1. Where does the charge balance sit around residue 197 when Lys and Arg score +1, Asp and Glu -1, over other residues with C-beta under 12 Å from its C-beta?
2. Local charge sum around residue 124 (other residues, Cβ-Cβ under 14 Å, Lys/Arg +1, Asp/Glu -1)?
3. Semi-axes of the equivalent ellipsoid of the stretch 270-425: what are they in whole Å, largest first, if each equals the square root of 5 times a C-alpha gyration tensor eigenvalue?
4. Let me know the shape class of the stretch 300-378, please: from the alpha-carbon gyration tensor, a ≥ b ≥ c as square roots of the eigenvalues, rounded when a/c is under 1.5, otherwise prolate if a/b is greater than b/c, or oblate.
5. Quick check on packing: order 290-297, 180-187, 120-127 by the mean number of other C-beta atoms within 10 Å, highest mean leading.
6. Among 277-288, 318-329, how do they line up from the highest to the lowest mean number of other beta-carbon atoms within 10 Å?
7. For the pair residue 59/residue 302, report the inter-label distance in nm, with labels modelled 7 Å from Cα in the Cβ direction.
8. Based only on Cα atoms, what mean projected area does the convex hull of the stretch 322-361 have, in nm²?
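The values are calculated or read from the model by the stated rules, or taken from the named source; none is laboratory data. Here the structure is a predicted model, which means the values were calculated and not measured. Cβ: placed from backbone, ideal geometry, glycine included. Neighbour counts: every protein chain shown. These area figures cover heavy atoms from the full protein model, side chains too; ligands, DNA and RNA do not enter into them. Shrake-Rupley method; radii C 1.70, N 1.55, O 1.52, S 1.80 Å.
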Amino acid sequence: MFLKTIFDKLAPLFNKGGKLEKFEPLFEGTTSFFLTSGEVTNSKVHVRDNVDLKRLMIIVWLAVIPAALWGMFNLGHNTLAFMDKNHLVTTFALFSDDWRFAVLQMLGFSLQPDFINELAVGMAYFLPLYAIVFAVGGFWEVLFCIVKGHPINEGFFVTSILFALIVPPSIPLWEAALGISFGVVIGKEIFGGTGMNFMNPALVGRAFLFFAYPAECSGDKVWIATNAAYDGSTGATPLAQWAAGEIDATHFAQNVSNVNIDWLHAFFGFMPGAIGEVSTFMILIGLVILLFTKIASWRIVFSIFLGMTVVSTLFNMIATEGSNPMLFMPFYWHFVLGGFAFGMVFMATDPVTSPYTKKGKYIYGFLIGAMVVLIRVVNPAFPEGMMLAILFGNMCAPLIDYMVKSRNIKKRLARAAKVASVKGE
């Protein structure tokens, strides 16, 4: 009631004719973030509850938090373990060129490899990145809403954190700002904003960085925070190592600390990579939340996994000695490596950019699952594939819905004609 009283007093300034009328979308967005509208549908046609678009976005945001927290810890763990193994954990002076470590030193953290310091190192890289992405993405959302005069769309809450979780933690902040700007403006706002975009804006921004700055955003390298003078701060991801023929299902990849990564290590997230993508276990926790609240479609998740399993198994069957190493990768390794699980749970299930029909969801999901394996196996330049597969699925989603509905219409017309002919007899 205290907040409601404050907002009620400020409302005349932002209502039509008020001094701050142009900023009404910003005021409305702030008000509805803290308070529900209180509007009640009086007709018998609709049923309304308090879970509006903002609450849906907040649920998705909360669902991704387990993966984000683990990713931050894992980043710090790999960083400090690497430095400890190479006798670099001595002084913050080694990192005088990195302001993040200066902040850690001011706050009283050390470089000793324990849980608190490892989490702090990960947070020192993720939180500034997320803050920049959130601020820039929010700026574009508010600007377009003010210019167009419509309420603020809450999609950037999810877009910003998803984007920050799929880019390399070492990405320059100005590149992250440029990427989220491209994703929000070109991927969403020019099409009308939230609900009008046909491609996932976070992936659009990530794709822009991939093609504009491939050295930093190729996706086949992992990064840890070491001093710039030390050679070996980046290395191939397990997925890229497999594509190069360096490892297989029996000869496991090694992380930056030269510790073998078996399937359970990969599943629980004890390997370097993009912060949100390393732990399939934490991602599945988010999936349970999204499925329980019915925000994500189980049909899409199931069919993506099915498509990946079928195509990877077919490749396993035709693989011969001396052929492409990726042909030998079984489905359960595809599942835990790269961005497959994260994309399957948080990207492909976006209700705006995926089909609306039930049959269409199956087709869409199977297409993405099959496409990611095709890209990983056939494309020698890019061993990841999930980003491109989902964007391809997004482009096909309207066509898939059109085909499904057209087929349904033809079936109903044929059935109606048959009924009419029977009655005529």
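1. -1
2. That sum, taken over residues with Cβ under 14 Å, equals -1.
3. 35, 20, 12
4. Prolate, because a/c is 1.5 or more and a/b exceeds b/c.
5. 180-187, 120-127, 290-297
6. Peptide ranking by packing, descending: 277-288, 318-329.
7. 1.9 nm
8. That works out to 4.1 nm².
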